[in-house]
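Below you'll find the structure, written out as structure tokens, and then a few comments.
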Amino acid sequence: MARDITQLPNLAAEGGRVAPVRSRMPVYVDLLPPCNNGCPAGENIQEWLRLVKAGQDEGAWRELVKNNPFPAIHGRVCYHPCETACNRVELDGAVSIHSVERYLGDLAIERGWSFSKPRFSSGRRVLVVGAGPSGLSAAYHLARMGHEVEIRDASPLPGGMMRYGIPEYRLPRRVLDAEVQRLVDLGVRIVTDYTVKDLLADQAEGGFDAVFVAIGAHLSRRVDIPNRDASRIVDAVSFLRDVASGERPVIGRKVAVYGGGNTAMDAARVARRLGAEESIIVYRRTPEQMPAHSEERESAEREGVTMNWLRTISSVDAGDLTVEIMELDENGKAVGTGRFEKLEADTVILALGQETDSSFLRRIPGMQFDHDVVKVDPRTLMTGVPGVFAGGDAVPSERTVTIGVGHGKRAARQIDSWLAGREAPARPKHTLASFDKLHLWYFGDTRATTQPELEPTERITDFDEIVGGLDVDQAHVEAARCLSCGNCFECDGCLGACPEDAVIKLGKGFRYRFDYDRCTGCATCYEQCPVHAIEMIEENAR
């Protein structure tokens, strides 16, 4: 038997649904989906998911790359805060947004889709220092705006930490190369093996009207550990860079990695692939305090990496190291106990954080610093030097690929406005479509699609990609799980529910409108709308 979903009014608290004079009225609204709100790259996730659901894959890719030029990369390495924010978490699990994004990115590479060229040239030139995610993103958006862009990078190949910090089993280099090549085809010039030493001289000699500094954090943070054989101690950034460059360093059977971030997890997992029988993480705090993403830690553990919590290295000796056992004080801070133990290790890899080499900027008058990073206006990303902007690892922020790409997009818009002598327009956000706003009667249970993965025993034998992609049917099914939070998806619910025929359908893609001459303000349309795309407002607020 069909269930009537329309709620009866509480006559003890209100005057019923209708009255001789209408006091309230429905209006269509567009709220901010939590996935869009959670994306550091500023993608319109809900819209490109809608296009995938409709079978318009190329249209979805083009919608996606309006904000992020690297969907195949992000679908693999982004820690998808959009999925943490997804309202479907409260039902049967978040939409697997990253896997659909990867599907679009891989499809674009397979089919040779390219970026649309700009319709005009601004006649302005912009120098980008650093070919990592932030620099490449800024170059892309600036080129799309019609500016001539040149990137200069000290490494032999572009990509920054995407190439030299993220192991190939997470990001195959063919994928990185394909998405970078698309920028070159757009007209971005990338100069490699070029170290910028005098930024202002380079700017003047090249006739650049503005500069975006996007240097990566390629220096390992130093720590003094007493040792008898310094050759057994390597830093994680250099270790990962050497491996990414094709080298296979000899590390022995037992490796200890000192640190608890994502770089430490990568170093420990790479060590396993280089033949280490034992790969141990030594971390001075607890699992809950570890900065590494939980999925990275869990993947490392599945591959045989051992976690040694509440331990700190005090010295490195021949064939082993001495660690002090830590404990948490009343404030949750790790403190030494004075008790020690020995761990066997042929190699010790230090992964205690990274810094940028900003020394070439310190000679510029007006440039201000906060330790190794540059101080910028948090809204415009401009440094204290007019026309010089900075982002990504070069400024105070969390250091991820997605945040870097978001900085690049924001900087490009600010640079474009600065070159035009105007302020970038403010972009106010709509009200957030939180879970409590939804009416979920419309949606059934559909579990997230699981991506295929190599077995842990297979993973550690080489650097092949661990996680596979979705096929076309899986991607479309997964996109269809989107709840379209806060935005009408033309389910016809309001059309069918209105007792006065006051809802007028405007045709596919054009949604609906209200005939207020017929509307009584009963709110039936509002109460049944599954996604809260209708709001009731006071009659005189129209």
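The values are calculated or read from the model by the stated rules, or taken from the named source; none is laboratory data. Please read these numbers as outputs of a predicted model, since none were measured by experiment. So basically every Cβ, Gly included, is an ideal-geometry build from the backbone, and we count neighbours across all protein chains shown. Only protein heavy atoms, including side chains, enter the accessible area calculation; ligands, DNA and RNA are left aside. Shrake-Rupley method; radii C 1.70, N 1.55, O 1.52, S 1.80 Å.
How would Glu423, Glu303 line up by accessible area, probe 1.4 Å, largest first?
Glu423, Glu303
The distance from the alpha carbon centre of the stretch 100-133 to that of the stretch 398-444 is 19 Å, rounded to a whole number.
Secondary structure note: in the chain, about 45% of the DSSP beta bridges are antiparallel. Rounded to the nearest 10 square angstrom, Arg102 shows an accessible area of 10 square angstrom against a 1.4 Å probe. Using a cutoff of 8 angstrom between alpha carbon atoms and counting only pairs six or more residues apart, the relative contact order for the stretch 136-192 works out to 55 percent.
Could you tell me how far the Cα centroid of the stretch 220-248 sits from the Cα centroid of the stretch 477-499, in Å? That distance is 54 Å. By the Cα gyration tensor, the stretch 409-542 has an equivalent ellipsoid whose semi-axes, rounded to whole angstrom, run 40, 28, 13 from largest to smallest. Listed values for the stretch 310-315 are Karplus-derived 3J(HN,Hα) couplings in whole Hz (6.51 cos²θ - 1.76 cosθ + 1.60, θ = phi - 60°), namely 6, 9, 9, 6, 9, 6, and x replaces Gly and Pro.
Give me the percent of the accessible area of the chain that comes from carbon and sulfur atoms, probe 1.4 Å, all protein chains in place.
48 percent
Thr84 contributes about 110 Å² of solvent-accessible surface, heavy atoms of the protein only, 1.4 Å probe. Taking amide H atoms as placed 1.01 Å from N in the peptide plane, the amide H of Val374 lies under 5 Å from those of Val395, each 5 or more residues away in sequence or on another chain.
Remark: for residue pairs Lys117/Lys409; Lys254/Lys342; Lys375/Lys429, the C-alpha separation exceeds 21 Å in Lys375/Lys429. Ordered from highest to lowest accessible area with the whole protein assembly present and a 1.4 Å probe, Leu350, Leu142 read as Leu350, Leu142.
Of the trypsin sites (Lys or Arg not before Pro) found in the stretch 290-389, those that fall in a DSSP loop while having at most 14 other beta-carbon atoms within 10 Å are Lys333, Arg362, Arg363, Lys375, Arg379. Could you pull out every one of the aspartates and glutamates with an alpha carbon less than 16 Å from that of Lys437, ignoring same-chain neighbours closer than 8 positions? Candidates past the 8-residue exclusion: Asp30, Glu90, Glu527, Glu535. The listed residues Glu465, Glu458, Glu288, once ranked by accessible area (1.4 Å probe) with the largest placed first, stand as Glu288, Glu458, Glu465.
Close amide H partners of Ile534, meaning residues 5 or more places away or on another chain with modelled amide H under 5 Å apart, are Val29.
Under 5 Å between amide hydrogens, built in the peptide plane, is the criterion, and for Leu432 it picks out Leu32 among residues at least 5 positions away or on other chains. When you filter the GluC sites (Glu not before Pro) in the stretch 327-376 for DSSP loop state and at most 14 other Cβ atoms inside 10 Å of their Cβ, you are left with Glu330. For the pair Thr446 and Thr195, label points projected 7 Å from Cα toward Cβ lie 5.4 nm apart.
Between Lys375 and Asp501, the simple spin-label model (points 7 angstrom out along Cα→Cβ) gives 6.8 nm. With all pairs of separate Cα atoms included, the stretch 175-252 yields a Kirkwood hydrodynamic radius of 16.8 Å.
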